[in-house]
Amino acid sequence: MSAFGRTDTSVVANWWWTIDRPLLVALTLLAAIGIVFVVTASPPVAERMVLSPWHFALRQCLFVGIGAVILLSASLLAPLGVLRIGRMFFIGGLALLALVPIVGTEVNGAVRWLSLGGFKLQPSELVKPALIVVTAHILARGDRAEALPEALLPVGIVLALLLLQPDVGTALLVTAVFAVMVFAAGLAWHWVGVLGVGGIGLAVLAYQGFGHVRSRVDAFLANDQGFQVSQALSAVSAGGWFGRGPGEGAVKDHVPDSHADFIFAASLEEFGLIAGFVVLLLFAFVVLRSLVLADGQTERFAQLAAVGLTTQLGLQAVINLGVNVSLLPPKGMTLPFVSYGGSSVVALAIGTGMLLALLRRQPRIAVLS
């Protein structure tokens with residue numbers, strides 16, 4: 001029996017009857033699986049850094065707890081509330097992103113982090129979902145062709161700031177998501193083609209202008225997998241269908257990012273391909289169900305923002321998984337809700353919370369302005 005009656009008009013009761021519960025359950029399962037994976041994969045990484053063996057596991061539990069509160073709070077919003085929150089995070093995130101090249105912390109040759117009282121924040125993670133909400137609102141207004149140049153302005157600013165770090169992978173992800181949103185907005189195919197050409201141009205520019213990008217692409221094309229990727233492939237192969245068992249994997253003893261970017265491969269060694277298929281099915285369910293629900297939305301802003309947020313989530317998962325199995329060049333991008341990371345978990349909670357809010361079954365009566 002439900003805790004809320006159909007006649008209960010409270011905010012929480014309305015949320016309970018309008019939220020898409022299968023989608024919420026799937027996201028919860030991904031976060032729970034992520035905690036299990038971090039618990040088993042992170043102790044050797046922590047010990048190499050002279051930390052408590054459970055350092056990353058405890059922090060991940062804390063991040064997921066904070067993320068759960070943020071996600072549930074954001075999912076209570078009406079579309080107008082989503083727009084307001086998106087604008088607020090966009091302005092704040094843009095300011096933080098502009099500070100990164102000035103006072104940011106360098107990691108592996110790139111400056112992408114801000115250190116705030118012992119906590120490392122990656123502003124690009126916060127900007128991504130906020131940019132989607134802002135551009136969705138612009139594309140949903142008035143004449144679609146006239147809205148495109150206005151929508152390109154915030155996208156261009158974000159891309160410029162990302163390339164200053166440089167963070168080419170996130171810049172290409174932002175471009176791809178925006179192209180999908182333009183297509184979903186109903187603009188002519190040639191506009192999507194223009195954005196596609198722009199994305200290719202951005203990739204070529206990055207290849208020519210950034211040595212670390214060129215070296216990674218050249219190594220990938222030469223089938224030189226590199227240490228972390230080769231170790232990841234060995235872990236996937238060694239795990240077989242059912243894995244070696246929790247805590248029995250070997251790759252986490254050698255790969256620095258086995259709890260983060262390469263957690264999928266490290267976990268397949270211990271839990272097997274069956275566990276990997278479960279993760280893939282959960283991501284597929286979240287993406288496909290979200291797109292189906294977005295297609296059924298009558299409010300244009302809600303539809304476009306939901307498509308953008310879903311596309312970002314799906315593409316980020318594809319990129320991470322592609323790197324883990326050597327189908328894509330190495331790129332420091334986490335597996336949503338599964339990899340360790342504070343900024344990543346919080347930003348994903350904000351984005352998916354807004355997504356759940358936009359997909360709720362209720363009349364869209366608020367006028368967006």
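The values are calculated or read from the model by the stated rules, or taken from the named source; none is laboratory data. This one's a predicted model, so the numbers in the text were calculated from it and none came from an experiment. FYI the Cβ positions are ideal-geometry reconstructions off the backbone, even for glycines, and counts take in every protein chain you see.
Which ones in the stretch 40-71 are β-branched (Val, Ile, Thr) and either at pLDDT 90 or above or outside any helix (DSSP H, G or I) (or both)? Even if it seems obvious, please write down each step before you answer.
First, the residues of the stretch 40-71 that are β-branched (Val, Ile, Thr): 40, 45, 50, 64, 66, 69-70.
Matches in the stretch 40-71: Thr40, Val50, Val64, Ile66, Val69, Ile70.
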Worksheet item: Just one of Val180, Val229, Val168 is touching a Ser or Thr at 6+ places or on another chain (Cβ under 6 Å), of a type in the set (A, V, I, L, M), modelled with pLDDT of 80 or more and buried (at least 16 other Cβ atoms within 10 Å of the Cβ); which is it?
Response: Val180
Fill in: Checking Ser369 against (1) modelled with pLDDT of 80 or more; (2) within 19 Å of Ile132 (Cα to Cα), the condition it does not meet
(1)
Worksheet, complete the sentence: Within the stretch 251-270, the count of residues that are touching a residue at least 40 places away in the same chain (Cβ under 8 Å), of a type outside the set (Ser, Thr, Tyr) and crowded, with 24+ Cβ neighbours inside 10 Å comes to 10
Discussion item. Looking only at the stretch 246-300, count every residue that is at pLDDT 85 or above and on the phi > 0 side of the Ramachandran plot and tell me the total.
Written reply: 1
Worksheet item: Taking only pairs six or more apart or across chains, which ones have beta-carbon atoms under 7 Å, a first residue in the stretch 32-54 that is farther than 25 Å from Ala68 by Cβ, and a second residue that is surrounded by 16 or more Cβ atoms within 10 Å (Cβ to Cβ)?
Response: Pro44/Lys252
Discussion item. I need the full set of residues from the stretch 72-113 which are touching a Gly at 6+ places or on another chain (Cβ under 9 Å) and at pLDDT below 90, in order please.
Written reply: Val107, Asn108, Gly109, Ala110, Val111, Arg112, Trp113
Fill in: Residues being at negative phi and at pLDDT 85 or above - total across the stretch 325-355
18
Worksheet item: Is at least one residue of the stretch 125-133 at pLDDT below 95 and surrounded by fewer than 17 Cβ atoms within 10 Å (Cβ to Cβ)?
Response: no
Discussion item. Which residue is surrounded by the fewest Cβ atoms within 10 Å (Cβ to Cβ), if the candidates are limited to the stretch 299-324 and must be more than 19 Å from Leu23 (Cβ to Cβ) and in contact (Cβ under 8 Å) with a residue 60 or more places away in the chain?
Written reply: Arg300
Response to the item:
All-but-one check, Gly67 against (1) under 19 Å from the mean Cα position of the chain (by Cα); (2) more than 30 Å from Val36 (Cα to Cα), failing number (2)
Discussion item. Residue under question is Ile35, and the condition is that it be closer than 27 Å to Ala265 by Cβ, assigned to a helix (DSSP H, G or I), among the hydrophobic types (A, V, I, L, M, F, W, C) and within 20 Å of the chain's Cα centre (by Cα); does it hold?
Written reply: yes
